[in-house]
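Take a look at the structure set out below.
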Amino acid sequence: MTAQDILGNIAIIKGEGRSRAEKLKQADRLLKIPSVRTVLEKIGNVKGRLRTINVRFVAGEKNLIAKHRENSCMFKFDVSSCYFSQRLSNERKEIALKVRKKDKVLVMFAGVGVYPIVIWKIKKPVRIVGIEIGRDCCKYFKENLKLNKISSEEIEIIQGDVKKKMPKEKFDAVVMARPNLKESFLKQGLSVCKKNSKIFYYGFCNVNEKKKMTEDLKIEADKLKRKIKILRVVKAGDIAPYKFRYRVEIKVLK
Ligand SMILES: C[S@@+](CC[C@H](N)C(=O)[O-])C[C@H]1O[C@@H](n2cnc3c(N)ncnc32)[C@H](O)[C@@H]1O
(Lines give C-alpha, C1' and ligand atoms only; values in the text may rest on other atoms or scores of the structure.)
Protein backbone atom coordinates (compact mmCIF):
# COMPACT_ATOMS: atom_id res chain seq x y z
CA MET A 1 0.00 0.00 0.00
CA THR A 2 1.22 3.51 -0.76
CA ALA A 3 0.44 6.38 1.64
CA GLN A 4 -3.28 5.66 1.43
CA ASP A 5 -5.99 3.97 -0.61
CA ILE A 6 -9.08 6.01 -1.29
CA LEU A 7 -12.11 3.90 -2.08
CA GLY A 8 -14.80 6.52 -2.57
CA ASN A 9 -16.08 7.30 0.93
CA ILE A 10 -13.39 5.26 2.75
CA ALA A 11 -9.69 6.03 3.01
CA ILE A 12 -7.37 3.26 4.22
CA ILE A 13 -4.02 4.31 5.66
CA LYS A 14 -0.96 2.34 6.74
CA GLY A 15 -1.29 1.36 10.38
CA GLU A 16 1.85 -0.41 11.53
CA GLY A 17 4.84 1.42 12.96
CA ARG A 18 3.08 4.76 13.23
CA SER A 19 1.97 6.76 16.27
CA ARG A 20 -1.70 7.50 16.95
CA ALA A 21 -1.00 11.25 16.54
CA GLU A 22 0.59 10.67 13.13
CA LYS A 23 -2.39 8.62 11.94
CA LEU A 24 -4.90 11.18 13.23
CA LYS A 25 -3.06 13.96 11.46
CA GLN A 26 -3.20 12.04 8.17
CA ALA A 27 -6.88 11.21 8.83
CA ASP A 28 -7.67 14.91 9.36
CA ARG A 29 -6.15 15.73 5.98
CA LEU A 30 -8.04 12.90 4.28
CA LEU A 31 -11.38 13.88 5.81
CA LYS A 32 -11.03 17.22 4.00
CA ILE A 33 -11.44 15.38 0.66
CA PRO A 34 -15.16 15.83 -0.14
CA SER A 35 -15.89 12.12 -0.85
CA VAL A 36 -14.04 10.76 2.21
CA ARG A 37 -16.19 10.13 5.30
CA THR A 38 -14.24 7.38 7.06
CA VAL A 39 -10.55 6.71 7.71
CA LEU A 40 -9.46 3.17 8.56
CA GLU A 41 -6.00 1.75 9.11
CA LYS A 42 -4.79 -1.46 7.55
CA ILE A 43 -3.24 -3.98 9.92
CA GLY A 44 -0.96 -6.57 8.30
CA ASN A 45 -1.08 -7.79 4.73
CA VAL A 46 -3.73 -9.25 2.46
CA LYS A 47 -4.26 -12.77 3.77
CA GLY A 48 -5.95 -16.14 3.28
CA ARG A 49 -7.92 -17.62 0.44
CA LEU A 50 -10.39 -14.70 0.42
CA ARG A 51 -7.50 -12.18 0.21
CA THR A 52 -8.95 -9.93 2.90
CA ILE A 53 -7.31 -7.27 5.09
CA ASN A 54 -7.72 -6.46 8.77
CA VAL A 55 -8.78 -2.88 9.33
CA ARG A 56 -9.22 -0.67 12.41
CA PHE A 57 -11.26 2.51 12.72
CA VAL A 58 -9.25 5.75 12.89
CA ALA A 59 -11.60 8.73 12.33
CA GLY A 60 -14.81 9.99 10.76
CA GLU A 61 -17.96 7.85 10.41
CA LYS A 62 -17.79 4.26 11.67
CA ASN A 63 -18.41 2.34 8.48
CA LEU A 64 -16.84 -0.50 6.49
CA ILE A 65 -18.94 -0.30 3.34
CA ALA A 66 -17.21 1.46 0.48
CA LYS A 67 -18.97 3.02 -2.49
CA HIS A 68 -16.37 3.47 -5.15
CA ARG A 69 -16.50 4.54 -8.80
CA GLU A 70 -14.20 2.97 -11.37
CA ASN A 71 -14.24 2.94 -15.18
CA SER A 72 -17.65 4.67 -15.07
CA CYS A 73 -19.07 1.82 -12.96
CA MET A 74 -20.16 1.89 -9.33
CA PHE A 75 -19.00 -0.68 -6.77
CA LYS A 76 -20.16 -1.30 -3.23
CA PHE A 77 -18.35 -3.69 -0.91
CA ASP A 78 -17.23 -4.33 2.65
CA VAL A 79 -13.53 -3.43 2.78
CA SER A 80 -12.90 -6.00 5.54
CA SER A 81 -14.48 -9.02 3.83
CA CYS A 82 -13.92 -8.40 0.10
CA TYR A 83 -10.74 -7.94 -1.91
CA PHE A 84 -10.58 -4.77 -3.95
CA SER A 85 -7.61 -3.02 -5.52
CA GLN A 86 -8.19 0.27 -7.25
CA ARG A 87 -4.70 0.00 -8.67
CA LEU A 88 -6.06 -2.63 -11.09
CA SER A 89 -8.52 -0.20 -12.64
CA ASN A 90 -6.46 0.39 -15.77
CA GLU A 91 -5.72 -3.31 -16.07
CA ARG A 92 -9.44 -4.10 -16.05
CA LYS A 93 -10.02 -1.55 -18.78
CA GLU A 94 -7.24 -3.08 -20.87
CA ILE A 95 -8.76 -6.54 -20.53
CA ALA A 96 -12.20 -5.19 -21.48
CA LEU A 97 -10.68 -3.66 -24.61
CA LYS A 98 -9.03 -6.98 -25.53
CA VAL A 99 -12.25 -8.99 -25.23
CA ARG A 100 -14.29 -9.20 -28.44
CA LYS A 101 -18.03 -8.53 -28.67
CA LYS A 102 -18.64 -12.08 -29.95
CA ASP A 103 -16.78 -13.65 -27.00
CA LYS A 104 -18.18 -15.74 -24.19
CA VAL A 105 -16.17 -14.60 -21.17
CA LEU A 106 -15.52 -16.34 -17.87
CA VAL A 107 -13.99 -14.42 -14.96
CA MET A 108 -12.55 -16.81 -12.37
CA PHE A 109 -11.97 -15.30 -8.89
CA ALA A 110 -14.45 -12.55 -9.69
CA GLY A 111 -14.55 -10.85 -6.27
CA VAL A 112 -17.32 -8.25 -6.07
CA GLY A 113 -17.69 -8.39 -9.85
CA VAL A 114 -15.31 -5.65 -10.88
CA TYR A 115 -13.78 -7.35 -13.95
CA PRO A 116 -17.14 -8.71 -15.23
CA ILE A 117 -18.93 -5.37 -14.78
CA VAL A 118 -16.16 -3.27 -16.36
CA ILE A 119 -15.95 -5.73 -19.29
CA TRP A 120 -19.72 -5.57 -19.71
CA LYS A 121 -19.82 -1.77 -19.63
CA ILE A 122 -17.00 -1.36 -22.13
CA LYS A 123 -17.60 -4.24 -24.54
CA LYS A 124 -20.98 -5.92 -23.90
CA PRO A 125 -19.82 -9.36 -25.09
CA VAL A 126 -22.41 -12.08 -25.77
CA ARG A 127 -22.03 -13.71 -22.37
CA ILE A 128 -20.18 -13.15 -19.09
CA VAL A 129 -20.00 -15.54 -16.15
CA GLY A 130 -18.17 -14.77 -12.89
CA ILE A 131 -17.18 -17.39 -10.32
CA GLU A 132 -16.21 -16.46 -6.77
CA ILE A 133 -15.96 -18.42 -3.53
CA GLY A 134 -16.57 -15.60 -1.00
CA ARG A 135 -20.15 -15.39 0.24
CA ASP A 136 -19.87 -11.69 1.05
CA CYS A 137 -18.16 -10.96 -2.29
CA CYS A 138 -21.04 -12.68 -4.12
CA LYS A 139 -23.59 -10.70 -2.10
CA TYR A 140 -21.96 -7.44 -3.23
CA PHE A 141 -21.38 -8.79 -6.76
CA LYS A 142 -25.18 -9.22 -7.01
CA GLU A 143 -25.76 -5.76 -5.58
CA ASN A 144 -23.21 -4.26 -7.95
CA LEU A 145 -25.07 -5.71 -10.95
CA LYS A 146 -28.15 -3.81 -9.78
CA LEU A 147 -26.16 -0.64 -9.09
CA ASN A 148 -24.88 -0.74 -12.66
CA LYS A 149 -28.26 -1.70 -14.17
CA ILE A 150 -27.05 -5.10 -15.38
CA SER A 151 -29.35 -8.12 -15.28
CA SER A 152 -28.48 -11.61 -14.04
CA GLU A 153 -28.91 -12.83 -17.65
CA GLU A 154 -26.25 -10.41 -18.82
CA ILE A 155 -23.77 -11.45 -16.12
CA GLU A 156 -24.25 -14.80 -14.39
CA ILE A 157 -22.77 -15.29 -10.91
CA ILE A 158 -21.62 -18.69 -9.68
CA GLN A 159 -20.85 -18.79 -5.98
CA GLY A 160 -18.33 -21.51 -5.21
CA ASP A 161 -14.86 -22.97 -5.44
CA VAL A 162 -13.39 -23.09 -8.95
CA LYS A 163 -12.30 -26.64 -8.10
CA LYS A 164 -15.91 -27.75 -7.73
CA LYS A 165 -18.17 -25.33 -9.52
CA MET A 166 -16.61 -24.60 -12.92
CA PRO A 167 -19.25 -24.26 -15.66
CA LYS A 168 -19.51 -27.12 -18.16
CA GLU A 169 -19.64 -24.87 -21.26
CA LYS A 170 -16.60 -23.54 -23.16
CA PHE A 171 -15.50 -19.89 -23.25
CA ASP A 172 -13.56 -17.77 -25.76
CA ALA A 173 -11.85 -15.70 -23.06
CA VAL A 174 -11.03 -16.70 -19.50
CA VAL A 175 -9.79 -14.09 -17.03
CA MET A 176 -7.90 -15.77 -14.20
CA ALA A 177 -7.81 -12.93 -11.64
CA ARG A 178 -5.91 -15.33 -9.39
CA PRO A 179 -5.21 -14.79 -5.72
CA ASN A 180 -1.50 -14.55 -4.96
CA LEU A 181 -1.37 -18.16 -3.72
CA LYS A 182 0.68 -21.20 -4.70
CA GLU A 183 -1.84 -23.05 -6.85
CA SER A 184 -1.98 -22.04 -10.51
CA PHE A 185 -5.61 -23.21 -11.10
CA LEU A 186 -4.54 -23.70 -14.74
CA LYS A 187 -6.29 -27.09 -14.78
CA GLN A 188 -9.60 -25.42 -13.95
CA GLY A 189 -8.99 -22.58 -16.40
CA LEU A 190 -8.16 -24.96 -19.25
CA SER A 191 -11.22 -27.12 -18.52
CA VAL A 192 -13.49 -24.41 -20.01
CA CYS A 193 -11.22 -23.63 -22.99
CA LYS A 194 -11.41 -24.89 -26.55
CA LYS A 195 -8.89 -24.49 -29.41
CA ASN A 196 -8.09 -20.76 -29.82
CA SER A 197 -9.56 -19.71 -26.45
CA LYS A 198 -7.55 -17.02 -24.72
CA ILE A 199 -6.58 -17.00 -21.07
CA PHE A 200 -5.58 -13.84 -19.20
CA TYR A 201 -3.62 -15.40 -16.35
CA TYR A 202 -2.22 -13.39 -13.44
CA GLY A 203 1.02 -14.62 -11.94
CA PHE A 204 3.15 -13.17 -9.14
CA CYS A 205 6.92 -13.44 -9.16
CA ASN A 206 10.28 -11.69 -9.12
CA VAL A 207 11.57 -10.21 -12.37
CA ASN A 208 14.16 -12.96 -12.69
CA GLU A 209 11.53 -15.71 -12.25
CA LYS A 210 9.34 -14.54 -15.12
CA LYS A 211 10.70 -17.06 -17.62
CA LYS A 212 10.32 -19.92 -15.15
CA MET A 213 6.72 -18.94 -14.46
CA THR A 214 5.76 -19.22 -18.13
CA GLU A 215 7.82 -22.41 -18.62
CA ASP A 216 6.02 -23.97 -15.64
CA LEU A 217 2.65 -23.09 -17.15
CA LYS A 218 3.62 -24.82 -20.42
CA ILE A 219 4.82 -27.90 -18.55
CA GLU A 220 1.61 -28.01 -16.52
CA ALA A 221 -0.49 -27.74 -19.69
CA ASP A 222 1.53 -30.58 -21.29
CA LYS A 223 0.86 -32.77 -18.26
CA LEU A 224 -2.86 -32.05 -18.70
CA LYS A 225 -2.46 -33.11 -22.36
CA ARG A 226 -3.20 -29.59 -23.54
CA LYS A 227 -1.01 -27.23 -25.54
CA ILE A 228 -0.67 -23.51 -24.89
CA LYS A 229 1.24 -20.67 -26.49
CA ILE A 230 2.38 -17.72 -24.40
CA LEU A 231 1.50 -14.66 -26.46
CA ARG A 232 2.63 -11.91 -24.13
CA VAL A 233 3.71 -11.23 -20.56
CA VAL A 234 2.88 -7.75 -19.29
CA LYS A 235 3.65 -6.11 -15.95
CA ALA A 236 0.28 -5.43 -14.29
CA GLY A 237 1.26 -4.11 -10.87
CA ASP A 238 3.82 -4.01 -8.06
CA ILE A 239 3.67 -6.51 -5.21
CA ALA A 240 6.94 -5.93 -3.34
CA PRO A 241 10.45 -4.71 -4.22
CA TYR A 242 11.36 -6.57 -7.45
CA LYS A 243 8.14 -8.63 -7.25
CA PHE A 244 5.34 -7.97 -9.72
CA ARG A 245 1.89 -9.03 -10.80
CA TYR A 246 2.22 -10.22 -14.40
CA ARG A 247 -0.56 -10.66 -16.89
CA VAL A 248 0.27 -13.70 -18.99
CA GLU A 249 -1.73 -13.82 -22.22
CA ILE A 250 -2.17 -17.40 -23.32
CA LYS A 251 -3.60 -18.89 -26.50
CA VAL A 252 -4.94 -22.44 -26.17
CA LEU A 253 -3.72 -24.51 -29.13
CA LYS A 254 -5.16 -27.87 -28.04
C1 LIG B 1 -7.06 -11.34 -5.90
S2 LIG B 1 -8.78 -11.46 -5.56
C3 LIG B 1 -9.44 -10.85 -7.09
C4 LIG B 1 -10.82 -10.29 -6.93
C5 LIG B 1 -11.35 -9.52 -8.14
N6 LIG B 1 -11.20 -10.23 -9.36
C7 LIG B 1 -10.72 -8.15 -8.24
O8 LIG B 1 -9.88 -7.93 -9.11
O9 LIG B 1 -11.05 -7.29 -7.42
C10 LIG B 1 -9.03 -13.19 -5.64
C11 LIG B 1 -10.46 -13.64 -5.39
O12 LIG B 1 -10.50 -15.06 -5.57
C13 LIG B 1 -11.39 -15.62 -4.63
N14 LIG B 1 -11.03 -17.04 -4.51
C15 LIG B 1 -9.94 -17.56 -3.89
N16 LIG B 1 -9.90 -18.91 -4.04
C17 LIG B 1 -10.98 -19.24 -4.79
C18 LIG B 1 -11.48 -20.47 -5.30
N19 LIG B 1 -10.85 -21.63 -5.04
N20 LIG B 1 -12.60 -20.46 -6.04
C21 LIG B 1 -13.25 -19.28 -6.31
N22 LIG B 1 -12.83 -18.07 -5.85
C23 LIG B 1 -11.71 -18.04 -5.11
C24 LIG B 1 -11.19 -14.78 -3.36
O25 LIG B 1 -12.30 -14.85 -2.52
C26 LIG B 1 -10.96 -13.37 -3.97
O27 LIG B 1 -12.16 -12.65 -4.03
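The values are calculated or read from the model by the stated rules, or taken from the named source; none is laboratory data. None of these values were measured; they are calculated from a predicted model. Ideal geometry is used to build each Cβ from the backbone, glycine not excepted, and the neighbour counts take in all protein chains shown.
Overview of results
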quantity: Where residue 224 falls short, out of the listed (1) within 17 Å of the chain's Cα centre (by Cα); (2) more than 14 Å from the ligand (Cβ to nearest atom); calculated: (1)
quantity: Residue 132 in contact with a Gly (Cβ under 7 Å, 6 or more places away or on another chain) and among the acidic types (Asp, Glu); calculated: yes
quantity: Filter result (without any contact (Cβ under 8 Å) to a residue 40 or more places away in the chain and of a type in the set (A, V, I, L, M, F, W, C)) within segment 198-242; calculated: 207, 213, 217, 219, 221, 224, 228, 230, 231, 233, 234, 240
quantity: Boolean, residue 234 is outside the structural domain of residue 48 (by TED's automatic domain parsing), within 14 Å of the ligand (Cβ to nearest atom), touching a strand residue (DSSP E or B) at 6+ places or on another chain (Cβ under 7 Å) and in a strand (DSSP E or B); calculated: no
quantity: For residue 113: the one exception among (1) in contact with a Leu (Cβ under 8 Å, 6 or more places away or on another chain); (2) near the ligand (Cβ under 9 Å from one of its atoms); (3) touching a residue at least 60 places away in the same chain (Cβ under 8 Å); (4) of a type in the set (Gly, Ala, Ser); calculated: (3)
quantity: Residue count for segment 111-131, restricted to those that are surrounded by 24 or more Cβ atoms within 10 Å (Cβ to Cβ), among the hydrophobic types (A, V, I, L, M, F, W, C) and under 16 Å from residue 151 (Cβ atoms); calculated: 3
quantity: From the options 129, 162, 175, residue that is of a type outside the set (S, T, N, Q), touching a Phe, Trp or Tyr at 6+ places or on another chain (Cβ under 8 Å), more than 10 Å from the ligand (Cβ to nearest atom) and not in a helix (DSSP H, G or I); calculated: 129
quantity: Any chance residue 193 is buried (at least 17 other Cβ atoms within 10 Å of the Cβ) and within 22 Å of residue 85 (Cα to Cα); calculated: no
quantity: Test: residue in segment 240-250 that is charged (D, E, K, R), closer than 16 Å to residue 115 by Cβ and within 14 Å of the ligand (Cβ to nearest atom); calculated: yes
quantity: Set 57, 77, 84: member being in a loop (DSSP other than H, G, I, E, B) and either over 13 Å from the mean Cα position of the chain (by Cα) or within 11 Å of the ligand (Cβ to nearest atom) (or both); calculated: 84
quantity: In segment 188-200, the residues that are more than 12 Å from the ligand (Cβ to nearest atom) and either in contact with a helix residue (DSSP H, G or I) (Cβ under 7 Å, 6 or more places away or on another chain) or not in a strand (DSSP E or B) (or both); calculated: 190, 191, 192, 199
quantity: Answer residue from segment 89-110, given it is part of a helix (DSSP H, G or I) and buried (at least 19 other Cβ atoms within 10 Å of the Cβ) and is farthest from the ligand (Cβ to nearest atom) among those; calculated: 96
quantity: Restricting segment 145-159 to residues that are in contact (Cβ under 8 Å) with a residue 40 or more places away in the chain and part of a strand (DSSP E or B), the residue that is nearest to the ligand (Cβ to nearest atom); calculated: 157
quantity: Residue check, residue 209 within 28 Å of residue 52 (Cα to Cα), part of a helix (DSSP H, G or I) and more than 13 Å from the ligand (Cβ to nearest atom); calculated: yes
quantity: Per-region count, segment 16-54, residues within 16 Å of the ligand (Cβ to nearest atom) and in contact with a helix residue (DSSP H, G or I) (Cβ under 8 Å, 6 or more places away or on another chain); calculated: 1
